[in-house]
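What follows is a single structure, written as structure tokens, with notes after it.
The values are calculated or read from the model by the stated rules, or taken from the named source; none is laboratory data. Only a predicted model underlies this, so the values are computations on that prediction, with no experimental measurement involved. Please note: Cβ atoms are built from the backbone with ideal geometry, for glycine as well, and neighbour counts cover all protein chains shown. Side chains are part of the model used for accessible areas, which takes the heavy atoms of the whole protein and leaves out ligands, DNA and RNA. Shrake-Rupley method; radii C 1.70, N 1.55, O 1.52, S 1.80 Å.
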Amino acid sequence: MKIFFLKVVFLIFLHTMPTYAGDQDKMIDDFTKNSDKRWEFFTDQVMGGVSEGTASILSDSNESYVRLEGLVSTANNGGFIQIRRDLRDGPKEAKGLLLKVKGNGENYYIHLRTGGTVLPWQYYQISFPTSKNWDEIKLPFSKFERSSSWISKKISGDKIKTIGIVAYGKNHNAVLDVSYLSFY
């Protein structure tokens with residue numbers, strides 16, 4: 001009886017123990033449970049541009065997602081709309097980002113800022129394509145480009161301070177849906 005009891009306790013312990021380095025530890029957002037409170041929407045209007053847009057948390061029968069949409073204009077030295085989130089304590093061993101997206105065929109961007117990107121125009125950037133179908137995309141940190149040679153060449157997951165999902169760089173109508181974003 002005593003051995004049976006110990007086996008049951010051990011199985012319960014294993015079942016309820018959190019998994020370090022599991023998917024929950026690597027998930028940045030799946031756009032459920034108050035995601036609208038974690039992300040901030042803004043446009044180039046903060047610096048005199050004229051781009052306009054919105055960000056909304058939506059859901060269909062299968063999943064929740066964020067939609068970034070609007071008109072990106074390069075007038076007045078502008079050219080972006082974005083959502084950004086503070087990020088702390090990412091996994092140091094992460095190799096990059098994994099996201100599930102669909103859109104209107106335009107390329108969109110991820111912008112990362114670290115403790116070493118102190119000036120407003122310093123960030124790491126990578127573009128990714130979209131289509132009308134949901135696609136899972138891997139974005140390795142080794143492929144991100146630095147906006148300045150003054151910042152480190154390498155990105156470490158535990159050094160990332162903010163992550164931005166951005167429609168950027170040219171005049172266009174933006175429609176981007178993201179259903180999840182995680183480290184891999």
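Among the trypsin sites (Lys or Arg not before Pro) found in the stretch 105-163, those both in a DSSP coil and sparsely packed, with 15 or fewer other Cβ atoms within 10 Å of their Cβ, are LYS132, LYS153, LYS154. Candidates LEU119, ASN133, ILE155 compared by Cα position along the dipole of the chain: farthest toward the positive end lies ILE155, with charges placed on Cβ. Calculated [222 nm] ellipticity per residue, helices only, for the chain: -3500 deg cm²/dmol; basis is -39500 (n - 2.57) per DSSP H run with n ≥ 4, divided by all residues, nearest 500. For the stretch 91-184, rounded, prolate or oblate, judged on the Cα gyration tensor with a ≥ b ≥ c (square roots of eigenvalues), a/c < 1.5 rounded, else prolate if a/b > b/c? Judged from the Cα gyration tensor, the stretch 91-184 comes out oblate (a/c at least 1.5, b/c at or above a/b).
Per-atom-type breakdown for the stretch 24-161 gives carbon and sulfur 45% of the accessible area (1.4 Å probe, protein chains only).
In this Cβ point-charge picture (+1 for Lys and Arg, -1 for Asp and Glu), the stretch 67-181 has a dipole of about 280 debye about its Cα centre. Counting lysine pairs in the stretch 39-176 that sit 8 or more residues apart in sequence, or on different chains, and whose Cα atoms lie under 15 Å apart gives 14. What's the center-to-center distance, using Cα atoms, between the stretch 75-108 and the stretch 110-147 in Å? The two parts, judged by their Cα centres, are 6 Å apart.
Can you quote the Å³ per residue value for the convex hull of the Cα atoms in the chain, rounded to an integer?
Convex hull of Cα atoms, per residue: 139 Å³.
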